[in-house]
Amino acid sequence: MTNVSSLKDSGSSALRHDWTFDKVEALFQLPFNDLIFQAQLAHREHFDPNRVQVSTLLSIKTGACPEDCKYCPQSGHYNTGLDKEKLMEVRKVLEEARQAKASGATRFCMGAAWKNPPAKDMPYILEMVKGVKEMGLETCMTLGMLDEAQAGELAEAGLDYYNHNLDTSPEFYGSIITTRTYSDRLNTLAHVRDAGMNICSGGIVGLGETERDRAGMLIQLANLPKHPESVPVNMLVRVEGTPLADVEEVDGIDFVRTIAVAKIMMPASCVRLSAGRENMSDELQALAFLAGANSIFLGDKLLTTANPKESSDRQLFNKLGINMDDTTKLEEQELAEVCPLREQDALLNNEHYFDAMKSNPMGQKAF
Ligand code: SF4
């Protein structure tokens, strides 16, 4: 029988950057209860165990991505029937951010399906960052690869987090993406860090990878000079038309193990229960929170795939006694004060923008 004090000792949550396969595979091999207990111990040293950080994610430019990530419905290489959209107007983005703040989100994440942000669009991207920041929300973007100068511009505009996932291990990576290399990804993370921004980087479980690949991905993240502040662990959403549409479904317990190991390796990082929640039972999500997940995306849509309804998330949190970070709902009056829509005339009616509301006179979004 494993004794509690030995688990406590081995679960010491000092921040380490020297993880080896042997050590990480030993964690994956622990009896499930011991693993979860150790992850909870690590989690409680750094976080309130009954509090979850809430972000909202908006797709600001959808589809037609030149990259060939085999899991992604936004890749231009696959036909998934997705409606493509140009870069959204700054004003629309700020309106969405305002709604997200009203729903209790503390961080607003904006995602664009690009290989890297085009120079012509950078001024608008920077306006979005400034506008969302002025609302008192934390800002996060995922725009593909960044060079040093772009990372500097985003940091200067006030971007708090940059998301760039490693997706999987270096060994398995080539089976999933061929249009950019693992080193490209690591270089972007280095630029983000050098510019002084927080890193959001994680991966996907269920791509057909082995447990060793999951370990390999976590080793890459945990052995960075500084752990990413945010580590999203996604469960693959199998989308018709992508090459991974029929890949074997990942086992829920294996998924929770990955979260627990991530928490033990990077105990001071927020581990985000990210894509795939729509297909998870309440019980599986509860286990993920027990394993140390303490961040979610709130909202019915995650870029292009479904996410649980906000009301069902709130019900689940009530059942579990989990509080959201800063969930105070602001009244309309207060909202108008914290996030007035800025004059964007110079930025409107520009060829780079797609006004979804204008293109659909019924007032329904075209996506
Ligand atoms: S995951 Fe990102 S980079 Fe890859 S195809 Fe999708 S949008 Fe493009």
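Laboratory data are not the source of any read-out in this text; all were calculated from the coordinates shown. These numbers were taken from a predicted model, which means no experiment stands behind them. Heads up, the Cβs are rebuilt from the backbone with ideal geometry, glycines too, and the neighbour counts pull from every protein chain shown.
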Its Cα gyration tensor gives segment 17-329 an equivalent ellipsoid whose semi-axes in whole Å, largest first, are 27, 23, 20
Modelled FRET efficiency - R0 30 Å, R16 with T181, Cβ distances, 0.05 increments: 0.65
Hey, got the dipole for segment 27-170? About the Cα centre, +1 on K and R Cβ, -1 on D and E Cβ, debye to the nearest 20? 380 debye
Out of I322, G81, A97, whose Cα points farthest toward the positive end of the dipole of segment 17-329 (charges: +1 Lys, Arg; -1 Asp, Glu; placed on Cβ)? A97
Greater than 23 Å apart at Cα, pairs in K23/K115; K101/K130; K115/K226; K92/K120: K23/K115; K115/K226
With point charges of +1 on the Cβ of Lys and Arg and -1 on the Cβ of Asp and Glu, referenced to the Cα centre of segment 17-329, which listed residue (L57, S183, I219) lies farthest in the positive direction of the dipole? L57
Extension gain from A268 to E148, taking 0.36 nm per residue of separation minus the Cα-Cα distance: 40.5 nm
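Apply 1/(1 + (r/R0)^6) to the Cβ-Cβ distance of T80 and N116, taking R0 = 22 Å, and write down the FRET efficiency to the nearest 0.05. Don't jump to the answer; show the numbers that get you there.
Values: r = 22 Å, r/R0 = 1.01.
After rounding, the FRET efficiency stands at 0.50.
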